[in-house]
Structure formats: structure tokens, C-alpha cells
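To start, the structure under review is shown below, and the notes come after it.
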Amino acid sequence: MRVSIERLTKRFGKVVAVQDLSLEIMDGEFVALLGPSGCGKTTVLLTVAGIYRPTHGWIRFDGKVVNDLPPRERNIGMVFQSYALYPHMTVYENIAFPLTLRRMPRAEIHRRVVAAAQLLQIEELLDRRPGQLSGGQQQRVALCRALAKEPDLLLLDEPLSNLDARLRLLARAEIKRLQKELGITTIFVTHDQVEAMTMADRIAVLNQGVLQQFDTPEALYTRPANLFVAEFIGSPPMNFLEGSLTVHGSALRLTGPEWHVTLPEGLKSWAEAVRDRDRLILGVRPEHVRLAPSEEGELRAEVYVIEPLGRDVLVNLRIGSLRLRALVPPPFPWKVGDIVGLHFDPAHLYLFDPHTGVLIGRS
Amino acid sequence: MGNWIKKGTPYLILAALSLPLLLLYAWLFIGAFSPRTHGLIPEGFTLSNWSFLFTPWGNRPSIWVAALNSTLLAGGYTVILLLISSTAAYALSRLSFRGRRFFMMLVLVLHAFPSITLLIAIFYVLRALRLYDTLIGVALVKTALELPLGVWVMKGFFDNVSWDIEMAALIDGCSRLQAWRRVMIPMVRPGIAALAVFAFVLGWNEFLLPYIYMPSARNWTLSVFIRSVTAGGAGEILFVNYGVIAAAGLFYVLPVLLFFLFTQRYLLQIYAGGVKG
Ligand SMILES: Nc1ncnc2c1ncn2[C@@H]1O[C@H](COP(=O)(O)OP(=O)(O)O)[C@@H](O)[C@H]1O
Ligand SMILES: [Mg+2]
């Protein structure tokens, strides 16, 4: 089912939870709503589900406006962050509940519950009550209940956030596989950019109820629309250097209090176009910072903290009051307090407008 | 040693405070089974005090009729109270409507209102409704007076059910009413059980309302019946037999004691459910 969110605004009294949000979600697509806690993700889901009425705007399913359709007529499967299993019912009854409400024949209910339970490998739990299940099991039951309805749309509200790290990794792959296998249009809410990046076809990044960017994971990573997206996507987050533009012969430099960076060719034309701005922000991801002996680098920085991550080493550096992170392959030959030289990979630099946060250009 | 004192002190205080009550109950038990007592010392053993169970007592109706009336009053009142409390409390907890806050304040104020000041007004209302001197009339009055408490307690229980569960029910295909009946009510069952026990005992113990509003002897509840024994009936020469009164008293409290024994677990939930604004 195709889902269109058109100019959706939702207010709770004076609080604007969602503002003028438009998203077009294709049939069978897996879309993630990504943003920090309190940015309105759950509100969007519940509005799509019909629990909340939009203050302004429209929700369309396959082109038809459903603003006035009660939740029970929308054929939606939803998994809540708390799982929201019915504690007074067994697992079987939980999964069967939506089907009994549809007055489905008993045999058909049984067939569907068992099939869904097999799909999620929870057949041996059917007689238990939710209170007797572990978090991971409850999550599976909740997903099973949502899927047994054979919904047109699956809504998942942070379904992995209550699992431990190992289970989360398993469940991540499992949900992605199920979604592709069943082809159900899915909206997945998360505050974890890794989850969103690894699972979704497209990601809508929200901040304070406002859509920042709606694009593929790759595009968010390589072409972040603004500072918020640039900082939110990618781990560890992008480094930002704020300075003013100065001309040195034919070169353009961004100059800060204790440093200056010569802009590479790829960024020059962008910078030329905004020469009237007094200040600019240069963005560089930690994986695009290279370390060198101190006399070789374009910048000189002090090694501040060294965090070995196994595959890489995350190095915290400082230049005066400026902090930078670099992700470099081991072995790491320096120690804390050493002065090292830095290069930024000239092919992966970004320029942002510090006032609006908007991306000006990238090399 | 110090630890022992620390642990034992609360029990000692509690024991000292309950002593008068325990003595009263002890007297009730001893008195009911002996012809005479000197303080707590019985003078032999007899079952003759219990003859009222089989033969009428003066010109009064059988005590079994009074027992039945008490059961009907307490039971009927409990059922009505539960029905209204569980729906009203749901609305106050979950629905947003005009005047909700005002209504909640009103419930609290009414809960604190001394109902005795309403006795005469209620009498006129009952008369007008032709419910004077009927069980259902008194049950309704008792319900009305206890509703604020019932609504408030049940609201606390509904407040404690997460919204997610109710939203899940709505998305799973329930109407609001179905969600209430099939998901919310089962989730507040401990609250309903607690309120039921509490209300039943309250109804069973009620004296003033049946005494005032159901004067006919055929409508007497146990509490009114026992009062008539201690005060003497019309045209009866007052001859107080304490043994018989003890036996009748025991007959009255025994069901409550047993009831408490089996249901105290639910009763404690009234406080566990919490009361939130
Ligand atoms: N039912 C509600 N009543 C009032 N305010 C709400 C309600 N639901 C959400 N909000 C407010 O809307 C904002 C967005 O909340 P929410 O959608 O839950 O964020 P998220 O799921 O991204 O953490 C928050 O400021 C929250 O306080
Ligand atoms: Mg949320």
C-alpha cells in the first residue's frame, strides 16, 4: 500500500509535535523515521494509525484520504516500544485477538496464528503469558501479532530499543528479512542512526517536528542537507570547523583562531559563490581525516584520547579549543600528548552556512 | 539483641493498640457460648443462646430474613457501584471532555461531604420516587453516597494502565467500547475485586440508611435487627440477655470476618492501585 503524508501538522495544545511534514512512501517500501527523542516520531506513527487526528494536513492510503477512518478500519499492524502485549491473555490469544475481532472462523484463526508463530519461531511460547517472557520474546510476539493480521501497513515504534545489544543485532537482520519477504509497506521509528541506515530503503530525518531530509541511507551520508543531518548520520559524527574565509593569492582559506585550512579545488567554486558570508563551517568525517608526522600535516593537533575499536582506532585530537575526531587504521604509533599532523581528504569535504545550517556545497 | 528490639517494637505497639478490640471480640465469642460471663470468665458452655436461629425472637421476623436483606442490600449496592464506578472512572481517566477537571474536583469534594446532612432531602427524593421503604431505594442511596470514593479509586487503576495497551487494542480492531470491555476491564480486575470487597463489607455494615429508610420489619437488615434486640421491640419488656446478643452479634460479624480472611489480598490493592490526579 502506498502511504502519503501531506503537509501534516500535529499540535498538542501549544506544543507543535509535527510541523508541515510531507512524505511519499511507496508500496512495499521500508522507511525509517529517524530523529532524537521527542522530535515527533511516535506522533507521526500514531497519526498514520488513526489514533491522533491531524491538526492540519492529510494522510492518504493508495491516494484515498483516510483522515476520518477509525484505526480499526485501517488494517495496520503496529509494534509499540513497550510492545503493549495484553497481559491477561496468553501469547496465542494475543496473536489471535485482532483476528477474533474480525469474526474470522476459528479454524482460519488457528491456521494464521500457527503460521505467524512459525515465521517468528515462537511456537513453543503460545501457551505462556506475556509476563513470563523475556524482552526478546515479547518483541517477537508483538511483531507476530502485528503480522498475523496480514496488514497493509506495518508500523514499528522503536521495536529494538528495549533489547540488549546482541539481540538487537539479530532482530535487526530478522525484521529486514521479514519485511522484504512479505513485501509489507513499513514505517520504522528509531533514534538510532545505525538501525535506520542498516535497515531502511529510505530515511526521513526529523528534528523538532520538522523534516530535515528524506533520502536513501547512502545519500544522507554523502549529501547531508544540513548540519543536523550531517551530525546525526554517521558514527562517530562529522567534525565541524567554523572560521572565516580569507584570500591568499589564488587560494581560499578557512581560518579559525588557531588553525587554517586551504580549501581544495572542489570546494573553491562553492566558497566563491558565498564570499559575502562572514563565516562558514567546514565539515569532515572522522574517516576522512588522515594523520601524519607533525612536520607533514596541513594542521597540527595534540593527541587527546585514544580509543581502540578493534578494526579502527578512534583518536580525539585538539587544536586549541577545537576538538576533532579521526578514525584511522591500526597500528597507532603515537601516544597521548604527542603532536601529529592532519590532512583532510580533499574529496570528502563539506561547507555549511553557520546561520541556516544548510549545506552550501561539497567537494 | 538490639536488632530484635528494633523488629519487635512495631509489633508490640500494634498489639497494645489492638488489645481493646481483641478483648471485645473475645467477649463476643465467649459470651455467645455460655449462659453468663463474669468479665471474660464464662460460666459453663451452652448453645441455647443460638435458639433465635430456629425460633422467632419476640414478634420479629426470622433473623434469616434479615440476613437475606443484608446480603441483597450489600450485594446489590456493590454491583451498582461497580458498574457506575468502572464506566465513570474510565471516562475521567481516558476521555477528554468539557468540564472533566471540574467534575473531578466535584468528585473529591463530594467524597469529603458529610452525607448525614442530606438525610432529610434523601427522604423526600425516595418518597417522590416511590422507593421509600424498599431495598433497591436504600441500595441506590448507598451507591450515590459511596460513588465518589469508588470512582476515584477506579480512576487510579485506569490511570495506571498504559496508553499503549489501549491504542494497541484500537489498532487491532476494537471500538472504544470493545477496548474498554475486552482490554481495559481485565487489566483493572484487581481494582474491581478490591472495590467489590470493600463495598460489600461497607454495605453489610451499613446501619443508618436501612434504619431510616426501611422501617418495615420485613425489610430489616441484620444491623437494624440487632439494634431492635438491644433496644427492645415495640411493647416488649426490655430484658437484656447478653448471651443472646453476643450470639446475634457473632452471627452478624462472622461472614465479614470470613470474607476478610479470604479477600484481604484484594483489599490491600485499593492502596496499591494508587490515586493519581
Ligand atoms: N498525547 C500527547 N499530549 C501532549 N503532548 C504530546 C503527546 N504526545 C506527544 N507529545 C509531545 O509531542 C512531542 C513529540 O513527542 P513524540 O512524538 O512522542 O516524540 P518521539 O516519539 O520522537 O520521542 C513531545 O514534545 C511530546 O511531549
Ligand atoms: Mg517515541
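The values are calculated or read from the model by the stated rules, or taken from the named source; none is laboratory data. Just so it is clear, the model here is predicted, and its values are computed rather than measured. Please note: Cβ atoms are built from the backbone with ideal geometry, for glycine as well, and neighbour counts cover all protein chains shown.
Among the residues of region A:18-36, those identified as under 16 Å from A:Gln81 (Cβ atoms) and within 10 Å of ligand 1 (Cβ to nearest atom) are A:Leu33, A:Leu34, A:Gly35, A:Pro36. The criterion of at least 2 residues that are out of contact with any Gly (no Cβ under 6 Å at 6 or more places or on another chain) and in contact (Cβ under 8 Å) with a residue 40 or more places away in the chain is met, among helices (runs of 4 or more DSSP H) falling completely within region B:129-225, by B:135-159, B:189-205, B:208-213. In the set A:Val305, A:Val358, A:Val313, A:Val336, only one residue is more than 16 Å from A:Ile281 (Cα to Cα), at pLDDT 90 or above, β-branched (Val, Ile, Thr) and within 27 Å of the chain's Cα centre (by Cα); that residue is A:Val313. Go through region A:45-74 and report how many residues are within 16 Å of ligand 2 (Cβ to nearest atom) and either closer than 12 Å to A:Leu153 by Cβ or more than 14 Å from every other protein chain (Cβ to nearest Cβ) (or both). Residues that pass the stated criteria total 3. With respect to B:Ala26, is the statement that it is closer than 19 Å to B:Arg227 by Cβ and aliphatic (A, V, I, L, M) true? Answer is no for this residue. Within region A:171-187, does at least one residue satisfy the condition of being within 16 Å of ligand 2 (Cβ to nearest atom) and in a strand (DSSP E or B)? Among the residues of region A:171-187, at least one is within 16 Å of ligand 2 (Cβ to nearest atom) and in a strand (DSSP E or B), which makes the answer yes.
Only one of the numbered conditions (1) within 16 Å of ligand 2 (Cβ to nearest atom); (2) on the phi < 0 side of the Ramachandran plot; (3) surrounded by fewer than 19 Cβ atoms within 10 Å (Cβ to Cβ) is violated by A:Pro87, and that is (1).
The residue that is nearest to ligand 1 (Cβ to nearest atom), among those in region A:128-149 that are away from every other protein chain (no Cβ under 13 Å) and within 22 Å of A:Val114 (Cβ to Cβ), is A:Gln139.
Residue count for region A:94-122, restricted to those that are loosely packed, with under 15 Cβ neighbours inside 10 Å and more than 14 Å from every other protein chain (Cβ to nearest Cβ): 9. Taken together, the residues in region A:179-201 that are surrounded by fewer than 18 Cβ atoms within 10 Å (Cβ to Cβ), of a type in the set (Asp, Glu) and away from ligand 1 (no atom under 13 Å from the Cβ) amount to 2. When B:Gly173, B:Gly191, B:Gly243, B:Gly249 are checked against the criterion of being within 14 Å of chain A (Cβ to nearest Cβ) and either over 30 Å from B:Ser93 (Cα atoms) or in contact with a Pro (Cβ under 7 Å, 6 or more places away or on another chain) (or both), a single residue qualifies: B:Gly173.
Candidates A:Ala219, A:Ala225, A:Ala204, A:Ala200: the one that is among the small types (Gly, Ala, Ser) and free of Cβ contacts under 8 Å to residues at least 40 places away in the same chain is A:Ala219. When the residues of region A:14-40 are filtered to those that are acidic (Asp, Glu) and under 28 Å from A:Gly183 (Cβ atoms), the one that is surrounded by the most Cβ atoms within 10 Å (Cβ to Cβ) is A:Glu29. Selection of first residues in region A:37-64 that are away from ligand 1 (no atom under 12 Å from the Cβ) and of second residues that are in a helix (DSSP H, G or I), restricted to Cβ pairs under 6 Å at least 6 apart or on distinct chains, gives the following pairs, ordered by first then second residue: A:Ala49/A:Pro71; A:Ala49/B:Ile171; A:Gly50/A:Pro71; A:Pro54/A:Thr47; A:Ile59/A:Val48.
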